[in-house]
Amino acid sequence: MRISVVGCGYLGAVHAVGMAELGHEVVGVDVDESKIALLNSGEAPFYEPGLPELLKDALATGRLSFTTDISAVKGAAVHFVAVGTPQRKGSNAADLTYVDAAVDALAPHLSAGDIVVGKSTVPVGTAARLAERVTASAPGAVLAWNPEFLREGLAVQDTLSPDRLVYGVPSGETGVAAASALDKIYAVALAKKTPRIITDYATAELVKVSANAFLATKISFINAMAEVCEATGADVTQLADAIGHDARIGRRFLNAGLGFGGGCLPKDIRAFMARADELGVDQALSFLSDVDDINLRRRTRMVELAREVCGGELAGKRIAVLGLAFKPNSDDVRDSPALDVATQLMREGAVVVATDPEAIETSRRLVPDLTLVPTPEEAAKGADAVLLLTEWQQYRELDPRALGYIVSTKAILDGRNCLAPAEWRSAGWTYRALGRP
Ligand code: UDX
């Protein structure tokens, strides 16, 4: 099928490449000229495992192109909207400026029968509003909502083999037409018996935000248990293993530590609360405020732990920060717990030297005065404490003996509960972690 994808960020770029890989003819559109130039030259504008290879392959087939010219969408039958919905400044609500602008930009180029498919995460009610806008400006065009559940770091796999497909469509013939167009697009996944749920706009929008709210709640639940463990000398990692054996609970997303960050979970739960407030059901989601608070408290606790191992005073202390991305296998530092902790330590007067395998440039853009070095060894040189804040595989595998020769004081704070405490302790380190004795 001929497809356009408006917005070529973490979501849109991977979607465009993935759809071309599946055999469709795809044009990706973005307002950012440098991003488009990079994509056309076969370079991914951000770090995502597997994307560069797939991008080069897809470009070579001639089925994929990128442009800043929105009129290039003409002739495509399906138009995906994959622009960002960041948190609005000074409010919890989502900023829909980019979604509205994308739909308005598409409208003059749509023909009757075209399908506009929203992929961005939006407050419930947005699709119904946009559907009216599409019908008014492009008679005969239809709007569908098809939320995206991809995880950064696994975005290629999640795009090519999603664990479920959700279509929010209008009732009647137009809805049937929209669903059948989406079926053609996702034919490969459907042939593999991927579950598909066809529903109304509101349900489709809510599926996405409630999934993220659930995941955030699961993480904050275990981090709340970590707080209790800290007060009692219990071990939250063993607790998670033990409760995780109950199939009803499950072990996934029960990793206690610095908590969740990134471009989705934090802003999505806040936007969900803001929308619930508008709908008069704020009480139903008031627990999400606790989920957010528990999450942010972990960052403060990490700063307190650092102060503790530094003898009660952070000013002038040299702190090595290993990891800045919001999670491993990503260069994304949006709302990153690691970068937040690094910044808080700097504010307290600590001399922070930070590193990350992929997120040096993205961190520099957000916190220009943070000292950034390429390797953990350079970061650890002369350190009074080493903080592991993003669990990259290479940090999990660090040799405590070798690192012990580099630091000034052998103190390690494991912000992601990803090291073996016994190994570090037997190498002479003070090992501290969140929720662990
Ligand atoms: C999330 C959702 O998983 C995805 O379905 C949705 O489409 C977008 O938002 P992503 O932001 O890529 O994806 O990250 P995810 O893997 O969900 O991790 C989010 C954060 O939670 C990370 O900061 C991670 O470190 C943290 N996390 C995750 C924990 O602290 N503990 C866990 O057990 C799992």
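A few comments on the model shown:
- Yes/no for residue 134 being in a helix (DSSP H, G or I), more than 12 Å from the ligand (Cβ to nearest atom), of a type outside the set (Ser, Thr, Tyr) and without any contact (Cβ under 8 Å) to a residue 60 or more places away in the chain: yes
- Only residues that are over 19 Å from the mean Cα position of the chain (by Cα), assigned to a helix (DSSP H, G or I) and free of Cβ contacts under 8 Å to residues at least 40 places away in the same chain were counted in the stretch 156-186, giving 7.
- Meets criteria (surrounded by 21 or more Cβ atoms within 10 Å (Cβ to Cβ), away from the ligand (no atom under 12 Å from the Cβ) and in contact (Cβ under 8 Å) with a residue 40 or more places away in the chain) for residue 272: yes
- For the stretch 296-317, residues that are in contact (Cβ under 8 Å) with a residue 40 or more places away in the chain and part of a loop (DSSP other than H, G, I, E, B) total 2.
- Filtered residues of the stretch 332-359 (kept if touching a helix residue (DSSP H, G or I) at 6+ places or on another chain (Cβ under 9 Å), surrounded by fewer than 20 Cβ atoms within 10 Å (Cβ to Cβ) and either modelled with pLDDT under 95 or in a loop (DSSP other than H, G, I, E, B) (or both)): 335, 348
- Residue among 175, 118 that is within 16 Å of the ligand (Cβ to nearest atom) and crowded, with 17+ Cβ neighbours inside 10 Å: 118
- Test result for residue 6, out of contact with any Ser or Thr (no Cβ under 8 Å at 6 or more places or on another chain) and closer than 22 Å to residue 126 by Cα: yes
- Residue that is nearest to the ligand (Cβ to nearest atom), among those in the stretch 194-245 that are of a type in the set (S, T, N, Q) and not in a helix (DSSP H, G or I): 194
- Pair list, Cβ < 9 Å and 6+ apart or interchain, from the stretch 191-217 residues that are touching a residue at least 24 places away in the same chain (Cβ under 8 Å) to residues that are within 15 Å of the ligand (Cβ to nearest atom) and of a type in the set (Ser, Thr, Tyr): 192/161; 194/161; 205/121; 208/121; 209/121; 212/121
- Candidates in the stretch 246-267 are the residues that are within 7 Å of the ligand (Cβ to nearest atom) and more than 16 Å from residue 222 (Cβ to Cβ); of these, the one that is surrounded by the fewest Cβ atoms within 10 Å (Cβ to Cβ) is 262.
- Filtering 101, 20, 44 for residues that are surrounded by fewer than 18 Cβ atoms within 10 Å (Cβ to Cβ), under 24 Å from the mean Cα position of the chain (by Cα) and of a type in the set (Gly, Ala, Ser) leaves a single hit, 101.
- Selected residue [modelled with pLDDT of 95 or more, in a helix (DSSP H, G or I), among the basic types (Lys, Arg) and in contact with a strand residue (DSSP E or B) (Cβ under 9 Å, 6 or more places away or on another chain)] from 401, 425, 416, 432: 425
- Residue pairs meeting the criteria (Cβ under 7 Å; at least 6 apart or on separate chains; first not assigned by TED's automatic domain parsing to the domain that holds residue 310, in the stretch 421-437; second surrounded by fewer than 21 Cβ atoms within 10 Å (Cβ to Cβ) and not aliphatic (A, V, I, L, M)): none
- Criterion applied to 107, 179, 138, 127 was being in contact with a Gly (Cβ under 8 Å, 6 or more places away or on another chain) and not β-branched (Val, Ile, Thr), and the one residue passing it is 127.
- In the stretch 256-295, the qualifying residues are those that are outside any helix (DSSP H, G or I) and small (Gly, Ala, Ser), and the one that is farthest from the chain's Cα centre (by Cα) is 280.
- Scanning the stretch 187-205 for residues that are within 24 Å of residue 23 (Cα to Cα) and crowded, with 18+ Cβ neighbours inside 10 Å gives 189, 198.
- Matching residues in the stretch 144-164 - criterion: being out of contact with any Asp or Glu (no Cβ under 9 Å at 6 or more places or on another chain) and either crowded, with 20+ Cβ neighbours inside 10 Å or closer than 17 Å to residue 197 by Cα (or both): 144, 146, 161, 163, 164
- Evaluation of residue 153 against (1) out of contact with any helix residue (DSSP H, G or I) (no Cβ under 9 Å at 6 or more places or on another chain); (2) outside any helix (DSSP H, G or I); (3) on the phi < 0 side of the Ramachandran plot; (4) within 16 Å of the ligand (Cβ to nearest atom) (one fails), failing number: (3)
The values are calculated or read from the model by the stated rules, or taken from the named source; none is laboratory data. Note that the structure is a prediction, hence the values are computed from the model and not measured. Neighbour counts are summed over all protein chains in view; Cβ atoms, including those assigned to glycine, are modelled from backbone coordinates with ideal geometry.
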